[in-house]
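S.K.: Handing you a structure now.
The values are calculated or read from the model by the stated rules, or taken from the named source; none is laboratory data. Since the structure is predicted, the reported quantities are computational estimates derived from the model, not experimental observations. Heads up, the Cβs are rebuilt from the backbone with ideal geometry, glycines too, and the neighbour counts pull from every protein chain shown.
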Amino acid sequence: MVDTITVLYGQTIAYTLYVLVILLLMGWFAYKVTKEGNEKEFKPIYFYSFVGFLIVLGVSLHLSTHYTIPWKSLDLNRGEITPDKVFNITVANHKFILPKEEMIIKTSEKVLFNVTSEDLTYGFGLFRKDNSMLFQMQVIPGHKNDILWHFIKPGEYTIRSTEYSGPRGISMTVPDAVIVID
């Protein structure tokens, strides 16, 4: 599984280049259409070629980045995967109620976080030491809220609510709640 930071950097570069190509082509197209002294009318074939090129480029970019998403195979094959560990977490009254046992995970294990809300809609996110988010999900009362994850790097992760649940939700943080070891 590829680290999410690697995926983020790769997709940032790819989509930035895509947007720059779109902007350059739009500028060229606008220049050609508005150019003074243009004796000939701008041919529709140029416009349709421009749109067709953007479609081919966009679809190609999406298909190529589709295979870099690290959690895609976990989600697509979820019915066939048995998690190595399951952690049941409850959220109520703006507090995370964690399992009694410490959440210690080996990098080779697949883990299911089963999160239940008893009152409001909350978020459940795991964050690295540098405050970048590893993953998150919305936790809705009365619904199944779980996420299957395979950790590839050891570290300590903080749980935070990633959803606005009122002014008290700002303090919904549990530092170093999840520990991943080799």
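S.K.: Can you name the residue in region 98-111 that is in contact (Cβ under 8 Å) with a residue 24 or more places away in the chain and of a type in the set (Lys, Arg) and, of all such residues, is surrounded by the fewest Cβ atoms within 10 Å (Cβ to Cβ)?
M.R.: LYS106
S.K.: Okay, next question. Checking VAL178 against (1) closer than 20 Å to TRP71 by Cα; (2) crowded, with 18+ Cβ neighbours inside 10 Å; (3) in contact with a Lys or Arg (Cβ under 9 Å, 6 or more places away or on another chain), which test does it fail?
M.R.: Against the list (1) closer than 20 Å to TRP71 by Cα; (2) crowded, with 18+ Cβ neighbours inside 10 Å; (3) in contact with a Lys or Arg (Cβ under 9 Å, 6 or more places away or on another chain), VAL178 comes up short only on (3).
S.K.: Here is a check on your reading of the model: is ASN114 closer than 18 Å to ARG160 by Cα, assigned by TED's automatic domain parsing to the domain that holds ARG160, among the polar types (S, T, N, Q) and surrounded by fewer than 10 Cβ atoms within 10 Å (Cβ to Cβ)?
M.R.: On the way: closer than 18 Å to ARG160 by Cα: yes; assigned by TED's automatic domain parsing to the domain that holds ARG160: yes; among the polar types (S, T, N, Q): yes; surrounded by fewer than 10 Cβ atoms within 10 Å (Cβ to Cβ): no.
For ASN114, the condition - closer than 18 Å to ARG160 by Cα, assigned by TED's automatic domain parsing to the domain that holds ARG160, among the polar types (S, T, N, Q) and surrounded by fewer than 10 Cβ atoms within 10 Å (Cβ to Cβ) - is not met.
S.K.: When the residues of region 38-76 are narrowed to those that are hydroxyl-bearing (Ser, Thr, Tyr), within 30 Å of TYR9 (Cβ to Cβ) and at pLDDT 75 or above, which ends up surrounded by the most Cβ atoms within 10 Å (Cβ to Cβ)?
M.R.: Narrowing region 38-76 to residues hydroxyl-bearing (Ser, Thr, Tyr): 46, 48-49, 60, 64-65, 67-68, 73.
Okay, now just the ones that are also within 30 Å of TYR9 (Cβ to Cβ), so 60, 64-65, 67-68, 73.
Now restrict to residues that are at pLDDT 75 or above: 60, 64, 73.
Numbers: SER60: 11, SER64: 11, SER73: 13.
Looking at residues that are hydroxyl-bearing (Ser, Thr, Tyr), within 30 Å of TYR9 (Cβ to Cβ) and at pLDDT 75 or above, I get SER73.
S.K.: Working only within region 109-119, note down all residues that are assigned to a strand (DSSP E or B) and closer than 9 Å to VAL91 by Cβ.
M.R.: If the condition is that a residue be assigned to a strand (DSSP E or B) and closer than 9 Å to VAL91 by Cβ, then VAL115, THR116, SER117 are the ones that fit.
S.K.: Okay, next question. Restricting to region 128-158, give me the number of residues that are in contact with a Ser or Thr (Cβ under 7 Å, 6 or more places away or on another chain), farther than 17 Å from LYS95 by Cα and surrounded by 15 or more Cβ atoms within 10 Å (Cβ to Cβ).
M.R.: Number satisfying all stated conditions: 2.
S.K.: Find all pairs meeting these conditions: Cβ atoms under 6 angstrom apart; at least six residues apart or on different chains; first residue within region 77-97 and assigned by TED's automatic domain parsing to the domain that holds VAL174 and at negative phi; second residue acidic (Asp, Glu) and not in a strand (DSSP E or B).
M.R.: Cβ pairs passing all conditions: ASP84/GLU109; LYS85/GLU109; ALA92/GLU118; ALA92/ASP119.
S.K.: On to the next question. Among the residues of region 161-182, how many are over 23 Å from ASP84 (Cα atoms) and charged (D, E, K, R)?
M.R.: Here the count works out to 2.
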